[in-house]
Amino acid sequence: MAQNSTTALAPARRHAVVIGGSMAGLITAKVLSKHFAQVTILERDPVPDRPEARKGQPQTRHLHTLLPLGYQILERYLPGLTEQLRAHGAIVGDVTNRARWYVQGGYRRPHVCGLVGVLATRPLLEWLVRRQVSATPNLTYQDCTDAEGLQFDPPGARVTGVHVTMRDGAPHPAFVESDLVVDCSGRGSAGPKWLRAAGYAPPAETVVTNQVGYASRLYRRKADDCPGYDTVLVQATPPGGKRGVFIFSVEDARWLVTMGGYHGDHPPADEGGFLEYARSLPAPDAYDLLIKLEPVSDIVLHKFPNSLRRHYEKLARFPQGYLVLGDAVASFNPIYGQGMTSALAQAEALDQVLAAQPDAARLAPIFFRRAAKIVDLPWRMAVGEDFRYPETTGPKPLGTDWLNAYGTLVQRATHRDIKVYDTFVRVMSLIQSPLALFHPEIVWRVWRATRSAASL
């Protein structure tokens, strides 16, 4: 592969290693392939060449949302992905036009907002991304490979590679030398442990406990199941209501249903209990649909005890040749569907930082500051929503109660006002700053919609 000018000017960029071969690791590797002569992805699971859930991905059989920003990033790095998704039955289209969305006592108005999202299972999306990334000439995807630890140079100032163990029967641990290691191994990253063992302080952590649990199931989909809609969403109404549901049309003519609740109010895995949970939701849409559908999978459960953020940007001392990205930096409430898009935005930021050619000593502090700014918005939004429940514990961002009170008015205004709805979706999709919701025109529209509703 012909190297770009960035690589030509950076002789130390010979080999980069990515730990973790899921979405964050795949796009990070694609980014690194622009700046390094060779890139290797180390993935601990066996990865077949087909769309399939893996043991090392606890949430892969549940609903995943690729927000419009994430979709835009994938299209920039993987041209033609949209056509591949559609060819395999995924729905790529406007995120509000065919959505039946109940929130705060009413339904939002379907309309064309101009933002594109993807409705597909996580295994299909990741398989298509993996196929395209793996075809990159200077990139190797190495599965069945456990990253066991980092190798440091004698002074301990720089990471020089990764110790690995092969799961395919290789008798001895191996060593993969590198100029840069990027840890995309997820929430369970061993990075803090590796840093501590090498004499570095691990990052401070922020934990917000929400005790979310959810259950998912696939159903056969027919054209007349829910005419006019590709998605059905019923959001919980806090603080009393803890239950909600997301129903997406996905490939192979199926519905993917994920129901969940906060603070222990979780759906069960038995047939009758699952339907009764749907019946208990604040709007009847999910139950009315499910009683007509034919299940094509078991009910799968998952629990998510807390949102976790590791503050690498606050470390005063950090080794050269090592970075951390994605859920290994911040893993927040999956109900809001922001994690995958946040990771992709961090990978794009890494691309920009590497293109600016900081030397190795400056790479980590510059990147971690950029990544922290990307994480700040979805983190505040997710934990802010979590704090609508008095049972939530952890550091509460300043002004959360006031913002939540205004947010409730915004949500109710989206029942009537398309302009407010569009702005809200752009903020939730990480396209616009939350400040857009405080523009004088939006504030006036929220007030007008609230007043109109009160007069009914």
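The values are calculated or read from the model by the stated rules, or taken from the named source; none is laboratory data. Every value quoted in this text rests on a predicted model; they were computed, and no experiment measured them. For neighbour counting, all protein chains shown are included, and Cβ atoms are generated from backbone atoms with ideal geometry for every residue, glycine included. Only protein heavy atoms, including side chains, enter the accessible area calculation; ligands, DNA and RNA are left aside. Shrake-Rupley method; radii C 1.70, N 1.55, O 1.52, S 1.80 Å.
Some notes on this structure:
- Any chance Leu128 is open to solvent by less than 30 Å² (accessible area, probe 1.4 Å), closer than 15 Å to Glu251 by Cβ, modelled with pLDDT of 95 or more and not acidic (Asp, Glu): yes
- When the residues of region 90-113 are filtered to those that are open to solvent by 20 Å² or more (accessible area, probe 1.4 Å) and touching an Asp or Glu at 6+ places or on another chain (Cβ under 7 Å), the one that is farthest from Thr258 (Cα to Cα) is Val112.
- Filter pass, Asp168 being open to solvent by 20 Å² or more (accessible area, probe 1.4 Å) and either in a loop (DSSP other than H, G, I, E, B) or of a type outside the set (Phe, Trp, Tyr) (or both): yes
- Taken together, Ala345, Ala328 contain a single residue that is within 13 Å of the chain's Cα centre (by Cα), open to solvent by less than 30 Å² (accessible area, probe 1.4 Å), at pLDDT 95 or above and farther than 17 Å from Ser189 by Cβ, which is Ala345.
- Sub-7 Å Cβ pairs linking a first residue in region 121-138 that is within 11 Å of Arg50 (Cα to Cα) to a second residue that is assigned to a helix (DSSP H, G or I), at least 6 apart or interchain, are Glu126/Met23; Leu128/Leu81; Leu128/Gln84; Leu128/Leu85; Arg130/Leu26, ordered by first then second residue.
To keep it simple, each residue is scored yes or no on (1) open to solvent by 40 Å² or more (accessible area, probe 1.4 Å); (2) more than 14 Å from Cys184 (Cβ to Cβ); (3) in contact with a strand residue (DSSP E or B) (Cβ under 9 Å, 6 or more places away or on another chain).
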{"site": "His311", "(1), (2), (3)": "no, yes, yes"}
{"site": "Ile335", "(1), (2), (3)": "yes, yes, yes"}
{"site": "Leu350", "(1), (2), (3)": "no, no, yes"}
{"site": "Ala356", "(1), (2), (3)": "yes, yes, no"}
{"site": "Leu363", "(1), (2), (3)": "no, yes, yes"}
{"site": "Arg370", "(1), (2), (3)": "yes, yes, no"}
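- Within region 386-395, the set of residues being open to solvent by 30 Å² or more (accessible area, probe 1.4 Å) and either touching a His at 6+ places or on another chain (Cβ under 8 Å) or free of Cβ contacts under 8 Å to residues at least 12 places away in the same chain (or both) comprises Glu391 only.
- Among the residues here, Phe367 qualifies as farther than 28 Å from Val118 by Cα, at pLDDT 95 or above and more than 18 Å from the chain's Cα centre (by Cα).
- Candidates Leu308, Leu275, Leu301 - the one that is assigned to a helix (DSSP H, G or I) and either over 30 Å from Arg369 (Cβ atoms) or touching a residue at least 12 places away in the same chain (Cβ under 8 Å) (or both): Leu275
- Val159 vs. criteria touching a Cys at 6+ places or on another chain (Cβ under 8 Å), at pLDDT 95 or above, not acidic (Asp, Glu) and not in a loop (DSSP other than H, G, I, E, B): no
- Residue match in region 213-228 (condition: closer than 27 Å to Arg412 by Cβ, in contact (Cβ under 8 Å) with a residue 24 or more places away in the chain and not in a loop (DSSP other than H, G, I, E, B)): yes
- Answer residue from region 425-456, given it is over 19 Å from the mean Cα position of the chain (by Cα), among the charged types (D, E, K, R) and open to solvent by less than 80 Å² (accessible area, probe 1.4 Å) and is nearest to Gly106 (Cα to Cα) among those: Arg445
- When region 402-424 is limited to residues that are over 25 Å from the mean Cα position of the chain (by Cα) and either farther than 17 Å from Asn97 by Cβ or of a type in the set (A, V, I, L, M) (or both), the one that is least open to solvent (accessible area, probe 1.4 Å) turns out to be Ala413.
- Residue check, Arg388 farther than 21 Å from Gly241 by Cα and not in a helix (DSSP H, G or I): no
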